[in-house]
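> Let me begin by handing over the structure; questions about it come next.
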């Protein structure tokens, strides 16, 4: 209920001081499924997939916020992957009759991966797991990123494509 109250700041009058850091429930995860500083990955894609699967199990969506590239080789050298709704976005309508809704919750959950030139692999330098809101694994299946088509649905789509329907 606290997350719903803070989504409508002007109506309920809550502020950032009401928000507390919440560590997601890791009881259903193995120790090696939780991101931690110093974890190493052979490729950047493996680090992205690891954090995306962690996010799905905990109940949120991740996004790639920034990637820096080497100027000489044009290869990525570091990347930050954040919680999907980390910033704030207020209403564009300034009419007094409309509520000033906030589209994001200001969550600071993220990881920061950097390429280690000596060992030729990717290492997690910063890991922030605390959220400013509760995460729900039951709602995670409804996120667009986590939706998957069944084989039956894929077959129907292919048959309809062949029939030009």
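The values are calculated or read from the model by the stated rules, or taken from the named source; none is laboratory data. Computed from a predicted structure; not experimentally measured. In this analysis, Cβ positions are derived from the backbone assuming ideal geometry, glycine residues included, and neighbour counts consider all displayed protein chains.
> Pairs needed: first member in segment 145-158, more than 24 Å from residue 57 (Cα to Cα); second member anywhere, surrounded by 10 or more Cβ atoms within 10 Å (Cβ to Cβ) and modelled with pLDDT under 80; C-beta distance under 8 Å; at least 6 residues apart or different chains.
So the pair list comes out as 157/149.
> Is it fair to say residue 143 is modelled with pLDDT under 80 and under 27 Å from residue 43 (Cβ atoms)?
Spelling it out, residue 143 is indeed modelled with pLDDT under 80 and under 27 Å from residue 43 (Cβ atoms).
> Right, another one. So which helices (runs of 4 or more DSSP H) are wholly in segment 1-116 and hold at least 1 residues that are at pLDDT 65 or above?
Where helices (runs of 4 or more DSSP H) fall fully within segment 1-116 and carry at least 1 residues being at pLDDT 65 or above, they are 44-58.
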